[in-house]
1. Hey, what do the phi angles of the stretch A:387-394 turn into as Karplus ³J(HN,Hα) couplings, whole Hz, using 6.51/-1.76/1.60 and θ = phi - 60°, x for Gly and Pro?
2. Setting aside same-chain residues fewer than 8 positions from A:Lys449, which aspartates and glutamates have a Cα under 20 Å from its Cα?
3. Once the cut-off is 28 Å, how many percent of the Cα-Cα pairs in chain B end up in the long-distance tail?
4. For the stretch A:360-483, state what percent of all Cα-Cα pairs lands in each successive 10 Å bin, counting from 0 Å until the bin that includes the largest distance.
5. Test of understanding: in a Gaussian network model of chain B with alpha carbons linked when under 10 Å, which of B:Val61, B:Val72, B:Val95 would top the mean-square fluctuation ranking?
6. For the pairs A:Lys105/A:Lys161; B:Lys24/B:Lys84; B:Lys24/B:Lys88; A:Lys298/A:Lys399; A:Lys105/B:Lys171, flag any whose C-alpha to C-alpha distance is greater than 21 Å.
7. Just report the Cα centroid separation between the stretch A:317-350 and the stretch B:49-74, whole Å.
8. Under a 5 Å amide H to amide H cut-off, with H placed in plane at 1.01 Å, what residues pair with A:Val224 once short-range neighbours are removed?
Amino acid sequence: MTWTSLNAGIALPEIFLLCATCALLLIDLFVSDARRGVTHALALVTLAITGVLLWCGYSPAPELAFSAMFVADPIATLAKGGMVLGVALVLIYGRSYAADRGIYKGELYSLTLFSLSGMMVMASAVNLLTLYVGLELLSLSLYALVALQRDSVNATESAMKYFVLGALASGMLLYGMSMIYGATGSLNVYEIGHRLLVGEGNRLLAVFGLVFIVTGIAFKLGAVPFHMWVPDVYHGAPTVITQLIGSAPKLAAFAFIIRLLAQALEGFAPDWRGMLIVLAVLSLAIGNLSAIAQSNIKRMFAYSTISHMGFLLLGILVANPVGYSASFFYAFTYVLTAAAGFGLVMLLARNGFEADQLDDYKGLARKHPWFGFMMLMVMFSMAGIPVFVGFFAKLAVLKAVVNLGMVWLAVFAVMMSLIGAFYYLRVVKLMYFDEPVNDITLSGGLGAKIVLSLNCLALLVMGLFPNYLLSMLNDAVVFSLPL
Amino acid sequence: MTEVLFYVFSAVLLFAGLMVITAKNPVHAALYLVLSFFTGAMLWMLMQAEFLAVSLVVVYVGAVMVLFLFVVMMLDINFEELRKGFWKFVPLATVVAAIMAVEMVLILTHPAAQLKGVTLMERAPEYNNVRDLGVQIYTTYFLPFQLAAFVLLVGMIAAIALTLRKRKNTKFQKPGEQVKVKRNDRLRIVKVDSEPKPTFEAPKPAAEGQGEGAKGE
């Protein structure tokens, strides 16, 4: 074996990102607190270069590297593009929020970039071991980031819950993976998929492992009944970290599920479809119904995430490229929608004021018509009202489900979305028809406001022209899956 | 012979694991954890993974657990307080654990599971476990190995970020500012009116004179 046989070139974006993060970690030591903007700018430049490298490295044919541990296929590359964008939005929106709360430190940047590398590894890994290491790189960085505001009791408590439940989920996942390894004798995703399809290996043991893998995935995704950590973590974490947890990792989770369920355990599609139906139905019901009762907007977003993850699972349980690309589209647009939502929450927050109560949004549209309108677009898109991109994401998933013949499931999902529309529209009502109770001031620089506005407008533009992105993601899935 | 050893070690491992969570004294619990690590290492040894077994003993028993014992002894934690709810939850937890164990045994002993023992591969006498492991780690498993290093780096950054505090009352010198000091920063000249000459010779107390001297400095 020689160095060239590693074919490391196709992992150039990850290699660059990891090296640049280490450099950033060292540079930040020489940057005083007052000039932290240098770190901020360098982090954004790193993300931009990573994005450019991803763009240049795009190839429709999957390429393997590192002794078949790593693949660069269109699904991975597009998902990584979305993650880089999602993390860049976190850094841009969160800057002044972090500065007000004493977490505007070098570690915020290095840990965020390390979590991004973990997500990118998860998207590209085709070996159970690499998948797990990528997941741990992401999770460990996130646990630390949640606790970064260490004098806040809420943040510390939610970090503790996140850590304990996350460790439990990792344990489940690892146990399932060990069973799959025992049953098939391979750690490689393609190899496992092939052996199970041709009927080799111990099927009962593999199904036994599948149960644990689905449980672990559901924990990480926050699907009901493994959702307990989501509201507490969303609520307790500083909003900038909530945005990080709530946006880009969903794309990583999508790619992770594709690798494990659609590629490695393809032969068990009828088995895991049943499990995912249960998870999706419960997530849609509990997520939407519990969100109604919330008075805190971050908790409301948490329950709404749970219901969105139900939709994501709906697309995956269809178990064909149409369903996968619908789910991919859903995850992709959800990253942008969630980023805009949390960005607006941080825009209203200021020193000593979190703007996380629903009442804080009363009269927003009168005081600041433009950002009231932006919030309206986010809420409409999350509720799935036509013209906005959320509608087309839901439509694509529902079409795939109906094509499979599970009309009852589609009808159930639509009913639950209708219930969900209530709490999204309640925010719009508070903004447009109620008198302000607090004085509303906007924080954040001009650049952040412009990017936030563009992000919200993108929800409208992508809703007007959904086919471009949808066909691109569909092609990606079709090119990637049969290897 | 190997089979007998396996069961002996497994029994010791289970006993030690159980004692870790039931021992009253935290030091005893840590020592039982050492025992369970050691027995685990012995099980690996039976599987001819001697390098892993030795590194488990060196790293966990030798380094991690000793540090852990230090921490347990130095911290003043009331462990009785921590385990307050323990016995209250034991019945429920036992039932749940028993159900899970029975279910798993039912599946794994089902004829379809086809679980059968395999004999380990016979190795040539010159076979080198360590060398093979090294070759594997730096070729086939190069990527996960490197990524694991990053996981450790993240752990280190997180530990420092979450615990490093500059204490308010810490005293330290700033040489840069010491060098830049001006006369006016250190010295204050106070104009004191000269006192009229005392008319009769009453000696001033010595202490007061010293106090005056310190002030003028």
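The values are calculated or read from the model by the stated rules, or taken from the named source; none is laboratory data. Source: prediction; values computed, not measured. Using ideal geometry, Cβ is built from the backbone for each residue, glycine included, and neighbour counts are taken over all protein chains shown. Calculation scope for accessible area: heavy atoms of the full protein, side chains included, ligands and nucleic acids excluded. Shrake-Rupley method; radii C 1.70, N 1.55, O 1.52, S 1.80 Å.
1. 6, 8, 5, x, 5, 5, 5, 5
2. A:Asp100, A:Glu354, A:Asp356, A:Asp360, A:Asp439
3. Value for chain B: 65 percent of Cα pairs lie more than 28 Å apart.
4. 12, 31, 32, 17, 7, 1
5. Looking only at B:Val61, B:Val72, B:Val95, the biggest GNM fluctuation is shown by B:Val95.
6. Pairs exceeding the cut-off: A:Lys105/A:Lys161; A:Lys298/A:Lys399; A:Lys105/B:Lys171.
7. With the stretch A:317-350 and the stretch B:49-74 each reduced to a Cα centre, they are spaced 45 Å.
8. A:Ser283
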